[in-house]
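The values are calculated or read from the model by the stated rules, or taken from the named source; none is laboratory data. Source: prediction; values computed, not measured. As a convention, Cβ positions derive from the backbone with ideal geometry for all residues, glycine included, and neighbour counts pool all protein chains shown.
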Amino acid sequence: METNILEKIKQKALEDSVPIIEDDGLDFMLQFIENEHIKSILEIGTAVGYSSICFCGVDDEITVYSIEKDEERYCQAVKNIADCELSDRITVVNADARTCKVEGKFDLIFLDGPKAHNAELLARYEKNLNDNGYFAIDDVYFHGYVDNPGPIRTKRMRALVRKLTEFQNDLMNDPRYECTYIRTGDGILIARKRG
């Protein structure tokens, strides 16, 4: 895969204000995928396919099944993935992850969809996680508001941050998972399923 294609995908996403994984968070995830010998990934929130394409760059055996609700982003992701010649390894479906039925088991489930639904999505896809597999939840610090909610101005945003905080506290205290906060990018929470 040519790096200039990937760079163009990234730049276009940034120009169009499409949320994609931050560089530091991506670097961590690529290292994590390599170190833990991850081969199968379920991604919630494809956006334009940038992270899926990057994940596949770690190892030729990696496959990704990714769900994107927004039709325009889905179409862009399909094109970007084809441009990178990865259509045989990355499957993207245009669906709502809250109702989508997914078959099979995965080594890693990467939650990068609607933050307000993290708890619901984790509960929905637990059955698709291999024993000793991992959830990786991106943007857990939510622009710093989780640690410092003081500057929040709207009631809606305050409710969202409260929901995110509750989800994280519940997961950290869930005996079925061993959890680690990674203070990189906008924060990543790694939850390993106890086999």
Determine if the range 135-148 includes at least one residue that is touching a strand residue (DSSP E or B) at 6+ places or on another chain (Cβ under 7 Å) and either farther than 22 Å from Ile20 by Cβ or at pLDDT 95 or above (or both). yes
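Conditions (1) at pLDDT 75 or above; (2) of a type in the set (A, V, I, L, M); (3) over 18 Å from the mean Cα position of the chain (by Cα); (4) surrounded by fewer than 14 Cβ atoms within 10 Å (Cβ to Cβ), marked per residue:
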site	(1), (2), (3), (4)
Gly150	no, no, yes, yes
Leu164	yes, yes, no, no
Thr180	yes, no, no, yes
Thr184	yes, no, no, no
Matching residues, the range 48-62, being surrounded by 23 or more Cβ atoms within 10 Å (Cβ to Cβ) and either at pLDDT below 95 or farther than 18 Å from Asp27 by Cβ (or both): Val48, Gly49
Which ranges mark the helices (runs of 4 or more DSSP H) fully within the range 11-112 that have 2 or more residues being without any contact (Cβ under 8 Å) to a residue 12 or more places away in the chain and either within 25 Å of Ala191 (Cβ to Cβ) or out of contact with any strand residue (DSSP E or B) (no Cβ under 8 Å at 6 or more places or on another chain) (or both)? 23-35, 71-83
